[in-house]
1. Residues in the range A:17-60 that are surrounded by fewer than 16 Cβ atoms within 10 Å (Cβ to Cβ), in a strand (DSSP E or B) and touching an Asp or Glu at 6+ places or on another chain (Cβ under 9 Å): how many?
2. All but one of (1) modelled with pLDDT of 90 or more; (2) touching a Gly at 6+ places or on another chain (Cβ under 6 Å); (3) closer than 30 Å to B:Ala182 by Cα; (4) not small (Gly, Ala, Ser) hold for B:Leu293; state the number of the condition that does not hold.
3. Condition first: hydrophobic (A, V, I, L, M, F, W, C), buried (at least 18 other Cβ atoms within 10 Å of the Cβ) and either part of a loop (DSSP other than H, G, I, E, B) or away from every other protein chain (no Cβ under 12 Å) (or both). Now tell me which residues in the range B:215-253 satisfy that.
4. Given the options B:Tyr123, B:Tyr138, B:Tyr160, name the one that is surrounded by 17 or more Cβ atoms within 10 Å (Cβ to Cβ), farther than 29 Å from B:His310 by Cα, among the hydroxyl-bearing types (Ser, Thr, Tyr) and touching a helix residue (DSSP H, G or I) at 6+ places or on another chain (Cβ under 7 Å).
5. Can you pull out the residues in the range B:350-372 that are surrounded by fewer than 24 Cβ atoms within 10 Å (Cβ to Cβ) and of a type in the set (D, E, K, R)?
6. Select from the range A:52-72 the residues that are of a type outside the set (D, E, K, R), closer than 25 Å to B:Glu61 by Cβ and within 9 Å of chain B (Cβ to nearest Cβ) and list them in ascending order.
7. Quick one: in the range A:96-154, which of the residues that are of a type in the set (Lys, Arg) and surrounded by fewer than 18 Cβ atoms within 10 Å (Cβ to Cβ) is farthest from A:Trp42 (Cα to Cα)?
8. So B:Arg74 passes all but one of these: (1) within 13 Å of chain A (Cβ to nearest Cβ); (2) under 25 Å from A:Arg110 (Cα atoms); (3) touching a Lys or Arg at 6+ places or on another chain (Cβ under 8 Å). Which condition number does it fail?
Amino acid sequence: MSPDEFLPILQARFPQVEFRLDPLNPQALIMSASGVPEVFGWLRDAPEAAMQYLEFSTAVDRPPDCLCVVYSLYSYTHRHRLALKVDLPRHAPTVPTLSHLWENADWNEREIYDLFGVFFSGHEDLRRLMMPEDWEGHPLRKDYSHPNLTPRPD
Amino acid sequence: MMRQFPANPDLTVEEFELNMGPQHPSTHGVLRLVLTMDGERVVRCKPVVGYLHRSIEKMAENRTYTQVIPVTDRLDYCTSMTSNYVYVMAVEDLADITVPPRAEYIRVIMSELNRIASHLLWYGTFALEVGATTPFIYGFRDREKVLDLFESTCGARLLYNYLRIGGVSRDLPEDFCERMLAFLDEWEPLIREYEDLLDENPIFYNRTKKVGFLSAEKALAYGVSGPNLRASGMARDVRREHPYAVYPELEFDVPVRTEGDVFARYRIRMEELRQSARILRQCAEKLPGGPYLEPQPLRVVLPEGETYVHLESPRGDIGCYLVSQGTDKPYRCKFRTPSFCHIAVFQHLVRDCLIPDIMAICASFDVVLPETDR
């Protein structure tokens, strides 16, 4: 199934959650944060979706207001892929964890927390993964500054 | 947790923490495992990564699309070709660039040669972890011959920087195919020799059989891919499921085993060596003439958009999620690397193991730390 086939099914199943197609990414749907984690639980367990595999999750910082968390799901049964994007407010990005659905989400979320400062509520062990524990700031944010980080000359 | 020692009620025993790494010869880089032990048994394991974090994704945002290619070499230095490949494939997908057929074949040849080089390196170090020193010499001896082929093609033996947006940086040397076929003729019978060194060895057998069992269900939940997933009974290979480049025209098998233990992961990789050789022979036969590069401007400007592409590296499913904002630099470049998932699975796998088993398990997953930490 492609994202535009998923869209009506998800809209009918979760009327309280907003879904729309992503104009930039033909593989993706944009959804509101209120649907996490129910929508993901359904996508994993429903036989028509059967997304056994969380390929990765990551984030994209879009200043000034938006921080977008991206989840890429894949089904080995149907060989289809769906990316789900959740836009969060940049000043206080919080989204429920998916670590109870896929063990893989545990480290992916720790990495996003570390590099983007997204808080995953319900995560049992939300510590920095890549950077040292006492590091200040979240390096992959666009406004992150560090003395060693200078633009490359042309 | 303190409890009474069964043999002597006057004594108590308790769990203790043991730090393995980051500088430890069997962690293949700098991986730290914080182990909670009950006597000789592991109760809990917490892997600590990030010692090799070079902020590759941040660096990519500061470079033009072409300048990112040498950075991807450093993702996984045992298989730079596939790291190059997944990145240029993402750029080409976004820019809608068609690669000349000769370049597609050259890329497949390089990926498969790199798979052989990577598996040979793995074979040597894996055997070393379980106590056999001879295979190390055999594996490295033959890996050198593959590196010679790379050197004659692009001048480098480790970090190739060979692929370009739209093709490859230079054509194959004139006698490349003959030399590659000569290597394959000489080397292919040696795979049997590698196996003879380990397969029937009772020590090796005891160290690897029924050690580190990973079920298919857990493997999926942890995002395990590549040979490690195929050793757990799932016949999944990106080259087969979502064929890219010229793989649909090539014949090869996807080896699968159902045991899910260290031995199965070893057997899968040995079989993959044969399949790679088979693919290479077909490529040498079918290699078309024509241009090897669809020339691109030095500053490639991509249209606004995003894409996710993935391919089968020697370690598993490597992917690149690329976001462009219509400029000459990536807005966001995320690499989904197989070893990242493979290390996370240790916390589950090494429970109730002995410490020597950890070495065997760790080696059998073929983790490469720079790829995890990026």
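1. Final tally of qualifying residues: 1.
2. Unmet condition: (1).
3. B:Val224, B:Ala231, B:Met234, B:Ala245, B:Val246, B:Leu250, B:Phe252
4. Matching residue, one of B:Tyr123, B:Tyr138, B:Tyr160: B:Tyr138.
5. B:Arg351, B:Asp352, B:Asp357
6. A:Leu54, A:Phe56, A:Thr58, A:Ala59, A:Val60, A:Val70, A:Ser72
7. The selected residue is A:Arg152.
8. Looking at each condition in turn, B:Arg74 falls short on (1).
The values are calculated or read from the model by the stated rules, or taken from the named source; none is laboratory data. All of these numbers come straight from a predicted model, not from anything done at the bench. Cβ coordinates were reconstructed from backbone atoms using ideal geometry, including for glycine residues, and neighbour counts include every protein chain displayed.
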